[in-house]
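The values are calculated or read from the model by the stated rules, or taken from the named source; none is laboratory data. What you see is a predicted model, and the numbers here were worked out from it, not measured in a lab. Note that we place each Cβ from the backbone using ideal geometry, even for glycine, and neighbour counts take in every protein chain shown.
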Amino acid sequence: MPDASFKVHAMELGPMENFVYLVEDVTSRRCAVVDPAWEVERILGRADELDLRITDILLTHSHHDHINGVEGVLNAASAEVHLLKPEYEFWQHELDRPSLHHGGDRVELGGTTITIHHTPGHTPGSACYELGNQIITGDTLFVFGCGRCDLSGGSPEDMFVTLRNMKERLPQDMLIHPGHNYSVSTTSTLGEQIEGNPFMHYDDETSFVHYRMQVHDRTRDEPYDAVSKQQLKIANLL
């Protein structure tokens, strides 16, 4: 049964197929916007349609395609910006008194508790936001993919550890909400990712790094679909 205390509303915006999420706390009508970008008026309009008051902004990371609407939302709403301290230091941007967090911290959105996970790899301070049995993963984990590690601040070694930890520590029925619409489906369970996400199939760091940095982007096209362990073995990639 889904948690009735909150709802997650997805909006696909901008030229890079970004997902912007509105997290609704049902009782208080408070709303957190996750990674506001591209079309601020549509974000604000959707919140109005849902009769929500934007009080918080949650950033999964600081790349331009995920934060270019922050100022616009702040100009329209009195909202608190949340991000991990390592990401703020990496970003080096002068936000007006943001709330800086560490992995394991919690944000209270009315009656909804949001747990912040530190998931480095795409950037040093990338974050995932867990609420109930759902998790918003930004560019850490896509449906049948994961974020690039060759951009500024990226680390395939960190990404290997992050994805291994998610696989081992989170429940398999947890629903993931990715940062981009790059796949055949917009959401998935973690269990489905363990079975079909090629990045989840690697047990050693060296092979993972080689696949992420040298192979993946040359051999897979969007929209991403499931890749089994057996398929990787047949292709001599595992």
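When you go through (1) among the charged types (D, E, K, R); (2) within 30 Å of LEU74 (Cα to Cα); (3) under 16 Å from the mean Cα position of the chain (by Cα) one by one for ARG97, which number turns out not to apply? The failed condition is (3). Residue count for region 32-58 satisfying the condition of being in contact (Cβ under 8 Å) with a residue 24 or more places away in the chain, over 20 Å from PRO15 (Cβ atoms) and acidic (Asp, Glu): 1. Among the residues of region 217-226, some residue qualifies, meaning at least one is aromatic (Phe, Trp, Tyr), out of contact with any helix residue (DSSP H, G or I) (no Cβ under 8 Å at 6 or more places or on another chain) and closer than 25 Å to ASN18 by Cα. Region 79-147 holds strands (runs of 3 or more DSSP E) entirely within its bounds, and those carrying 3 or more residues that are among the β-branched types (Val, Ile, Thr) and at pLDDT 95 or above map to 112-118, 134-138.
Restricting attention to region 6-22 and to residues that are without any contact (Cβ under 8 Å) to a residue 40 or more places away in the chain and under 18 Å from ASP51 (Cβ atoms), the residue that is surrounded by the most Cβ atoms within 10 Å (Cβ to Cβ) turns out to be LEU22. Within the set SER28, SER5, the sole residue that is polar (S, T, N, Q), modelled with pLDDT of 95 or more, farther than 20 Å from SER126 by Cα and touching a Gly at 6+ places or on another chain (Cβ under 6 Å) turns out to be SER28.
Is it the case, given these coordinates, that ASP65 is assigned to a strand (DSSP E or B) and over 20 Å from THR189 (Cα atoms)? So ASP65 fails the test. When ASP105, ASP158, ASP173 are checked against the criterion of being of a type in the set (D, E, K, R) and in contact with a helix residue (DSSP H, G or I) (Cβ under 9 Å, 6 or more places away or on another chain), a single residue qualifies: ASP173.
Any chance you could count how many residues in region 77-98 are loosely packed, with under 14 Cβ neighbours inside 10 Å and within 18 Å of SER62 (Cβ to Cβ)?
The number of residues fulfilling the criteria is 6.
For region 172-184, the count of residues that are more than 19 Å from HIS66 (Cβ to Cβ), surrounded by 17 or more Cβ atoms within 10 Å (Cβ to Cβ) and not aliphatic (A, V, I, L, M) is zero.
Could you run through region 213-238 and say how many residues are touching a Phe, Trp or Tyr at 6+ places or on another chain (Cβ under 7 Å) and either at positive phi or not in a loop (DSSP other than H, G, I, E, B) (or both)? Selection size over region 213-238: 1.
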